[in-house]
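The values are calculated or read from the model by the stated rules, or taken from the named source; none is laboratory data. Since the structure is predicted, the reported quantities are computational estimates derived from the model, not experimental observations. Neighbour counts are summed over all protein chains in view; Cβ atoms, including those assigned to glycine, are modelled from backbone coordinates with ideal geometry.
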């Protein structure tokens, strides 16, 4: 007669463990997916940028398991340039989606230096037969000084991309207005929410289809 309570308790415990495991798997699904991509090697797509790129759950957003998120939270274009060999080139992807500049602008890096870093990185990607796709720098909320710098950087990027036949994505046309990043697409003054990432993923998917990747 004592076995029944023990059996019930065991079943309850097992059920709780299963629920806990499934919950953890769901919460950390993108990290698990990224680990799988790392083990598999040779990703088709590399996402490269700062924390805005890093916070994207790209495997889930793009619905594919050949995308590596190698973004560098808190870093500037100088750091992107220093690490582009190990974080992108050595992985031999077909395409690299690159985005940055916000942190440079925040700490006062000169436009000439930011633009030079971007130019060099794009040259490196093309030299290594990696298709570069530039995501233009996103505005902050209610920051006119930053917006002016972002406009200058994006103006350079648009011109360079057009001159060199490089595809670029302009998220600001969807998630910003004349004052900067719209609050409906933000979690703070510069980082994006799930609605914004869905738009970004839609634009990435469009580019990938256009390029047959």
Any chance the stretch 142-162 includes a residue that's closer than 21 Å to residue 56 by Cβ and in a strand (DSSP E or B)?
no
Would you point out which residue out of 104, 188 is in the same structural domain as residue 53 (by TED's automatic domain parsing), over 16 Å from the mean Cα position of the chain (by Cα) and either surrounded by 21 or more Cβ atoms within 10 Å (Cβ to Cβ) or not in a loop (DSSP other than H, G, I, E, B) (or both)?
104
Got at least one residue in the stretch 136-149 being in contact with a helix residue (DSSP H, G or I) (Cβ under 8 Å, 6 or more places away or on another chain) and touching a residue at least 60 places away in the same chain (Cβ under 8 Å)?
yes
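So that you can scan it fast, the table gives a plain yes or no per residue for (1) part of a loop (DSSP other than H, G, I, E, B); (2) at pLDDT 95 or above:
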position: 39; (1), (2): no, no
position: 46; (1), (2): no, yes
position: 61; (1), (2): no, yes
position: 65; (1), (2): yes, no
position: 75; (1), (2): yes, yes
position: 79; (1), (2): no, yes
position: 85; (1), (2): no, yes
position: 93; (1), (2): yes, yes
Test result for residue 110, more than 19 Å from the chain's Cα centre (by Cα), more than 19 Å from residue 74 (Cα to Cα) and modelled with pLDDT of 95 or more:
no
If you take the residues in the stretch 163-182 that are exposed (fewer than 12 other Cβ atoms within 10 Å of the Cβ) and in a helix (DSSP H, G or I), which one is farthest from the chain's Cα centre (by Cα)?
163
Looking only at the stretch 123-135, count how many residues are touching a strand residue (DSSP E or B) at 6+ places or on another chain (Cβ under 6 Å) and free of Cβ contacts under 8 Å to residues at least 40 places away in the same chain.
2
So is residue 199 buried (at least 18 other Cβ atoms within 10 Å of the Cβ), within 15 Å of the chain's Cα centre (by Cα) and either outside the structural domain of residue 101 (by TED's automatic domain parsing) or touching a residue at least 12 places away in the same chain (Cβ under 8 Å) (or both) or not?
no
